[in-house]
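Novice: Below: one structure in C-alpha cells.
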Amino acid sequence: MIKNPFAYLFSCLFVLAAHGTMLINIFYNGKYDDIKDLIILAAAVLGLDISYYIIMLFFKQYTYTIDFMLLLILNMSVIFQSCFGGVSFSAKHYITCIAALTACRFGHMLTCNHNWIQQQKKYVWIGIGVLMIIILIFTGSRSMWINIGSFSIQPSEFMKPLLVLACATSITEQQKKHKVWKFDIVWENIILFGITAAVCLFQWWCRDLGSIPTFAAIYAAGFFLRICYPKAKFSNKTLIIAGSVVLVAAIVGIKIAPEYVKDRLFVDIWSDKDGNGYQQSQALIAIADGGWFGKGPGKGYLHNVFAHESDIVFSSISEEWGLLYAIMMTLVILLIAASPLINPPRSYYHGTMCTGICAAFTVQMALNIFGSCNMIPFTGVTIPFISMGGSSMVTSGFMAGMLVAAQSPVFRKPKKKKSKKPANSSARRRSAA
Amino acid sequence: MEDMNLLFCAVSAAALDICALVLIIASYRERSTGNKQWKKISADMELVEQGFTYHLGCDEILIGRHASADIRLPDISVSRYHAMLTVADGVWTITDIGSKSGVYVNGNLVKSKKLCENDVITLGNRKLTLRKTVNPKKERRKNK
C-alpha cells in the first residue's frame, strides 16, 4: 500500500510535533481567557492531522510529501488565525482548510492522467468563459464578490487553476503546426493568448487589479516553456519583443489606471499614515514590534487593523510569532512549490502545469509580503494556504493537488468510446450481398 | 517571562525547521520509489545505437538533428524534428512528425507504430534499437 512506510511514519510524527510545539507555545506564552478555547483548538488541529493521515492511506500515490506539507501549513494557518488578538478557535477558517484538503484530492484525481485532462482542454476554455459570465451576471456592476447569505465567493479565484490547465501543454501539441501564409502556427497558442488577454481585461473591469500579475505570471511561465521548446523558436529577438510588449503594457496600464490605483502606487505611507498608507505603516510597525521571536500568540495589536487576517497576514504573524517563524512559514510554502524539483514530473504536460502553479504561488506570496513591507505597492492579494478566504483556500488546495498529480501520475491512454452499431449489422450486410 | 517567550518561540521554530527537513528527506526517499515506478511504466526500455545508449526518462521523447531534441542525431539525413517516442500503458509508440526521409520500423515505412523489444528504428542513415535496459552491475555479476 505505502511504498515507504518509514518515511510516512516519520513525516506523520514530525508534522504532529511541529503542531504540538506551537500549541505548547500558546499554552505557556499565549493570551487566552479560558483554557477551553485552547483545548478546542488543540483537538481540532491534532484531530485533523490524524484523520488526514488515515484518509491518505486510501489513496494510491508514489509520493505523499506534498500532502504532509499541505497539512502542516494548513493547520499552522488554523493556529495563526485562531490566535490573532487572543485565542479563540476560528471555525470558519477550519472549514475552509478542510475544503482545501478535499479540493487537493479532487485536483489530484482530475489531473493525474495527463492524456485524459489534455483531451478536456476545450472544456477548460469553456469553463473560463462560463466563470466570466457568472461574474458579470451575479456580482453586480464591476465587482468580484458573489454574496450568498453570510458567505461570499470570489469566482475569479477559480480561474487560476483553469488558466494553469489551459497553459499546460505537451510536446505533441506543440508539434501540431499549421501553415498560415509564411508562418507555422500552433492554434492552441493563439487561443491561449486570447484567453489570457480576456482574463486580464476582465480583472481590470472587475477592479481586481491585484490578481492581474498572478494571471500574467501563469501565462508567462506557459509562454516561456512554449517558446523554449523547441529551442528553434527561441531567440533573443523573441525575448526582446516579448519584454518590450510587457513594458509597454505596464506603462499604458499605469497611465490609464483609476485614481485610487495611482494613489496606491505613488503613496508615501509615512506622510499619509492615517489615509492610504495606514495598513502598510501599521504592518511595518507590527513587524518591528514583534522582532525575531514575536510578542507571543494573541498578544499583538494588529488585529484591530482591517484585513489583518488576509492582506497583511504576514505582519500579523510576524508580530505575534516573530519574523523568524513568519519567514519559515513562507519557506514551507516555497517548498510545496519547489517539490517538483525533487521529484521531477515524467511528462512535459505535468512539467508545464507545475511551472504555472509555482509561478502563481510565488507571485501571490511576493505581492502580499513585499506589499505589507512597503517594498512594492499594496495589492491586497492573499498568501496561499495562510490568508483567510474560502475561494483562495480551495483554489490553492486544488493547485496543490495538481502538484501531487505531477508526482504520482497515471500513464494510461483514455479508452475510446465504441461507436454503437446494431448487433447484427455485419450479418445483415452479408445476407444482403 | 521574556526568557520563556524566547525559549518557546525558538523551540516551536526549531520544530518547524526539523519537520521541513524531515519532509525534504522523505521526498528524496520517495524519489527512488518514483524511479522504480517509472521503470514499470516505461517497461524499462532504452534506445541503443552503435554503443551509444539513450535513456528514456519521460513519456514524450523528441528525436531529431536539432540541439533541442531529447535524442540528438547529428546527421544530415535526419530531420531537425524527425520522430516522437511516446509511452502509454507500458507500450512505446513511435510517430513520424513530418520528417523528410520517413520512419522505418524493421524495414517498413510507418507513420505511427507501437514498438516491441528489439525493434530496429531507421531514421535517415541512423539505426536505433529498442531494448530492455541493461544494468552494468548485473551484467558484470552474470559474467562472473
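Any read-out appearing in this document is the output of simple, stated calculations on the displayed coordinates, not a laboratory observation. Keep in mind that what you see is a predicted model, and the values were worked out from it rather than measured. Note that each Cβ is placed from the backbone with ideal geometry, even for glycine, and that neighbours are counted across all protein chains shown.
Novice: For A:A197 and A:F151, FRET efficiency with R0 = 41 Å and r from the beta-carbon atoms, rounded to 0.05?
Specialist: 0.85
Novice: Per 0.36 nm of contour for each residue apart, how much would the distance between B:S101 and B:S68 grow if the chain were fully extended, relative to their Cα-Cα spacing?
Specialist: Extra length from B:S101 to B:S68 when fully extended: 9.9 nm.
Novice: Shifting gears a bit: Using a 10 angstrom cutoff on alpha carbons, build the Gaussian network for chain A and name the most mobile of A:A168, A:A43, A:A406.
Specialist: Fluctuation is largest for A:A43.
Novice: Further, regarding this structure: Explain nothing, just compute: Karplus ³J(HN,Hα) = 6.51 cos²θ - 1.76 cosθ + 1.60, θ = phi - 60°, for every residue of segment A:378-383 in order, whole Hz, x for Gly and Pro.
Specialist: 6, 10, x, 7, 8, 8
Novice: Under 15 Å from the Cβ of A:I336, count the other residues' Cβ atoms, weight Lys and Arg +1, Asp and Glu -1, and hand me the total.
Specialist: Neighbourhood net charge equals -2.
Novice: By how many nm would the segment from A:I55 to A:W187 grow when fully extended, if each residue of separation counts as 0.36 nm and the alpha-carbon distance is taken off?
Specialist: Extending this stretch completely gives an extra 43.3 nm.
Novice: Please give, to one decimal in nm, the separation of the simple spin-label points placed at B:N108 and A:K237, each 7 Å out from Cα toward the Cβ.
Specialist: About 4.4 nm, to one decimal.
Novice: Here's another thing I want to ask about it. Please list 3J(HN,Hα) in residue order for segment A:156-170, calculated via the Karplus relation 6.51 cos²θ - 1.76 cosθ + 1.60 where θ = phi - 60°; whole Hz, with x for glycine and proline.
Specialist: Once rounded to whole Hz, the list reads 5, 4, 5, 6, 4, x, 5, 5, 4, 5, 5, 6, 5, 8, 10.
Novice: Whole Å is fine, so just give me how far the alpha carbon centre of segment A:361-399 lies from that of segment A:251-290.
Specialist: 17
Novice: Helix A:35-56: angle to the longest alpha-carbon principal axis of chain A, degrees 0 to 90, nearest 10?
Specialist: Around 20 degrees separate the two axes.
Novice: Before rounding to the nearest 500, sum -39500 (n - 2.57) across all DSSP H runs of length at least 4 in chain A and divide by the residue total; then give [θ] at 222 nm in deg cm²/dmol.
Specialist: Rounded to the nearest 500, the figure is -21500 deg cm²/dmol.
Novice: Moving to a separate point now. For chain B, what does the helix formula give at 222 nm: sum of -39500 (n - 2.57) over DSSP H segments with n ≥ 4, over the residue count, nearest 500 deg cm²/dmol?
Specialist: Result for chain B: -12000 deg cm²/dmol, rounded to the nearest 500.
Novice: Whose amide H sits under 5 Å from the amide H of A:T169, counting only residues 5 or more places off or on another chain, with H placed in the peptide plane?
Specialist: Residues meeting the amide H criterion: A:T352, A:M353.
Novice: Given a Förster radius of 51 Å and the C-beta distance between A:I376 and A:L13 as r, what FRET efficiency does 1/(1 + (r/R0)^6) yield to the nearest 0.05?
Specialist: 0.80
Novice: Classify segment A:5-410 as rounded, prolate or oblate from the Cα gyration tensor: take a ≥ b ≥ c as the square roots of its eigenvalues, call it rounded if a/c is under 1.5, otherwise prolate when a/b beats b/c and oblate if not.
Specialist: Oblate, since a/c reaches 1.5 and b/c is not below a/b.
Novice: Can you tell me the orientation of helix A:278-290 relative to chain A, as the angle in degrees between its alpha-carbon axis and the longest Cα principal axis, to the nearest 10?
Specialist: 70
Novice: Moving on. What is the distance, in nm, between label points placed 7 Å from the Cα along the Cα-to-Cβ direction at A:V245 and at A:A288?
Specialist: 4.4
Novice: Summing Lys, Arg as +1 and Asp, Glu as -1, what charge do residues with Cβ under 15 Å from the Cβ of A:G275 carry, A:G275 excluded?
Specialist: Local charge sum for A:G275: -2.
Novice: State, as an integer percentage, the relative contact order of chain A based on alpha-carbon contacts under 8 Å between residues 6 or more apart.
Specialist: Here the relative contact order equals 25 percent.
Novice: Enumerate the amide H contacts of A:S90 below 5 Å, restricted to partners 5 or more residues apart or on another chain; note that Pro and chain-start residues carry no placed amide H.
Specialist: A:S82
Novice: Here's a follow-up. Treating only the Cβ of Lys, Arg, Asp and Glu as charged (+1, +1, -1, -1), what charge dipole size does chain A show about its Cα centre? Round to the nearest 20 debye.
Specialist: The dipole magnitude comes to about 3600 debye.
Novice: Let me ask something additional. Give a residue-ordered list of calculated ³J(HN,Hα) values for segment A:98-103 (Karplus: 6.51 cos²θ - 1.76 cosθ + 1.60, θ = phi - 60°; whole Hz; x for Gly, Pro).
Specialist: 5, 4, 5, 5, 5, 4
Novice: Continuing with the same structure: If you line up the long axis of helix A:65-83 against the longest principal axis of chain A, both from Cα atoms, how many degrees apart are they, to the nearest 10?
Specialist: Compared with the principal axis, the helix lies near 40 degrees.
Novice: Could you tell me whether segment A:1-110 comes out rounded, prolate or oblate from its Cα gyration tensor? Rule is a ≥ b ≥ c as square roots of the eigenvalues, rounded for a/c under 1.5, then prolate if a/b exceeds b/c, otherwise oblate.
Specialist: prolate
Novice: Please compute the average number of Cβ atoms from other chains found within 10 Å of each residue's Cβ in peptide A:16-22.
Specialist: Per residue, the average neighbour count from other chains is 6.
Novice: Can you return the aspartates and glutamates within cross-link range of A:K237? Criterion is Cα-Cα under 19 Å, with same-chain partners fewer than 8 residues away left out.
Specialist: A:D184
Novice: Pulled fully out, how much extra length does the chain show between A:L334 and A:I134, if you take 0.36 nm times their separation in residues and subtract their Cα-Cα distance?
Specialist: 68.8 nm
Novice: Hey, which of these cross-link pairs are over 24 Å Cα-Cα: A:K60/B:K40; A:K60/B:K39; A:K182/B:K113; A:K179/B:K114; A:K122/A:K182; A:K262/A:K295?
Specialist: Beyond 24 Å: A:K182/B:K113; A:K179/B:K114; A:K122/A:K182; A:K262/A:K295.
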